[in-house]
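Inspection log for the structure reproduced underneath, given as structure tokens.
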Amino acid sequence: MKRRNLLEKRMLKVLVLGIIFGLLVFFFLFLLGQQRVQILLVEGSVFSEGLLRFVYVLIPALSGILVCAGFISFEMNRIVTYIHTLQKEVSNISSGDLNQYITREGRDELTALAEDLDLMRRTLLENQEKEKERKAATDKIVMGMSHDLRTPLTGLMTYVDVMERQLKEGKIQEEYLLRCQDKLLQIRNLSDEMFEYFLVTANEKVQMEDAESEQSAVGDYLSELCSFLKAGGYKLQTEISFGTGRIRVSEDYMGRIFNNLISNLDSYADLLNPVMVSAKEEKGQFHFSIRNTKAKDPKKKKSTGIGVTNMELMMEQMGGKLEVASDDSDYEITFFFPLSDEHSV
């Protein structure tokens, strides 16, 4: 037997109540009518007994039917009014008013529909706010990058003018060639960071790998990072342990993240103090972190911060998150990956 939904049950309940109240009204008026017939017959009515009894049965019957119909009509009017309210509110939302609240009444399928519509409205509103924040962040980064590009470009043009004068004098000093090379390298790094930012924010779905063990997913990347640190003369400390959980990553994003980490360490980490690389599984997630002492004389005089922004966006698209802890002397960056429910075949 097909299971009735909540709206059908409510209408059935209204129908039953209408019939019950209709019958109560009928019997009440019927009894009163029979008493009235007896009185009229005693007093000597001009109408026949049969006609009187017919009239005083018809009146209670019609009254009972009207009461039952009134119950049903009242409920139908409530449903139709509610549907019109929902129609008007949805029309306002479709016109762009995402602040329009969806009215919720009762506990039936229409209420569930209203809740779903309101959830859709809130989701659209949240996406709209996120898009505004993303656009504002993009505009801020573009303006910052434009300023950061202008600085080495101005320096490059100055050195080119100097070398042009030296060329006329028949001698170009190697110092200015090296300075030009350094400025070109800065411009290339900045343009690479900007390209990576727009690549990550292009709203294309990231290609995730199947769930695999923590060591398989990030072990090689951490090993390469440690090899780089050792080869660069850094003092390395490690506390790496892999659990039994499985995580999902994007190989493309992981490669970009570790390239950023290596570049940042090479530019800002102090060679005289150890770099700590740690990894562990706890509280339903796997995380690894890199902590270093800030160099007093970094190779890059100023960080644009776009590299960390790129890594944060990539982690969000992989379902994880990034946290940075920084003070005057130390810097620590941590990457969190949720454990996956997928199992190997």
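Checking each residue in region 221-254 for being in contact with a helix residue (DSSP H, G or I) (Cβ under 8 Å, 6 or more places away or on another chain), among the small types (G, A, S) and free of Cβ contacts under 8 Å to residues at least 40 places away in the same chain picks out only G232.
Condition (residue is of a type in the set (G, A, S) and at pLDDT below 75) applied to region 27-43: is it met by at least one residue? Taking every residue of region 27-43 in turn, at least one turns out to be of a type in the set (G, A, S) and at pLDDT below 75.
The set of residues from region 314-342 being surrounded by 15 or more Cβ atoms within 10 Å (Cβ to Cβ) and not aliphatic (A, V, I, L, M) comprises Q317, G319, G320, K321, Y331, E332, T334, F335, F336, F337, P338, S340. Does region 175-194 contain any residue that is basic (K, R), in a helix (DSSP H, G or I) and farther than 16 Å from I306 by Cα? Yes, there is a match, as at least one residue in region 175-194 is basic (K, R), in a helix (DSSP H, G or I) and farther than 16 Å from I306 by Cα.
Going by the conditions given, is V206 more than 16 Å from G307 (Cβ to Cβ) and either of a type outside the set (S, T, Y) or surrounded by 15 or more Cβ atoms within 10 Å (Cβ to Cβ) (or both)? Steps first, answer last, please.
Numbers: more than 16 Å from G307 (Cβ to Cβ): yes; either of a type outside the set (S, T, Y) or surrounded by 15 or more Cβ atoms within 10 Å (Cβ to Cβ) (or both): yes.
In short, yes.
The rows are residues; the columns are (1) outside any loop (DSSP other than H, G, I, E, B); (2) farther than 30 Å from I306 by Cβ.
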| site | (1), (2) |
| --- | --- |
| Q38 | yes, yes |
| A61 | yes, yes |
| V80 | yes, yes |
| Q87 | yes, yes |
| N92 | yes, yes |
| I102 | no, yes |
| T111 | yes, yes |
| E129 | yes, no |
| R134 | yes, no |
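Here S94, S73 are screened, and the one residue that is out of contact with any strand residue (DSSP E or B) (no Cβ under 6 Å at 6 or more places or on another chain) and more than 30 Å from L12 (Cα to Cα) is S94. I'm checking my understanding of the structure. Among residues of region 75-94 that are hydrophobic (A, V, I, L, M, F, W, C) and touching a residue at least 24 places away in the same chain (Cβ under 8 Å), which one is nearest to L24 (Cα to Cα)? Here the answer is I79.
Please determine, by comparing only the residues of region 44-70 that are of a type in the set (G, A, S) and at pLDDT 70 or above, which one is farthest from V14 (Cα to Cα). Restricting to residues being of a type in the set (G, A, S) and at pLDDT 70 or above, the top hit is S48. Candidates in region 143-177 are the residues that are within 30 Å of E312 (Cα to Cα) and exposed (fewer than 13 other Cβ atoms within 10 Å of the Cβ); of these, the one that is modelled with the lowest pLDDT is H147. Only residues that are part of a helix (DSSP H, G or I) and among the aliphatic types (A, V, I, L, M): list them for region 155-173, please. Those that are part of a helix (DSSP H, G or I) and among the aliphatic types (A, V, I, L, M): L156, M157, V160, V162, M163, L167. When region 268-283 is filtered for residues that are touching a strand residue (DSSP E or B) at 6+ places or on another chain (Cβ under 6 Å) and within 30 Å of S340 (Cα to Cα), the ones remaining, listed by number, are V275, M276, V277, S278, A279. Picking from K235, K280, which residue would you name as being more than 17 Å from F335 (Cβ to Cβ) and either modelled with pLDDT of 90 or more or crowded, with 18+ Cβ neighbours inside 10 Å (or both)? Among K235, K280, only K235 is more than 17 Å from F335 (Cβ to Cβ) and either modelled with pLDDT of 90 or more or crowded, with 18+ Cβ neighbours inside 10 Å (or both).
The values are calculated or read from the model by the stated rules, or taken from the named source; none is laboratory data. Since we're looking at a predicted model, the values are computed, not measured. We place every Cβ from the backbone using ideal geometry, glycine too, and count neighbours over all the protein chains shown.
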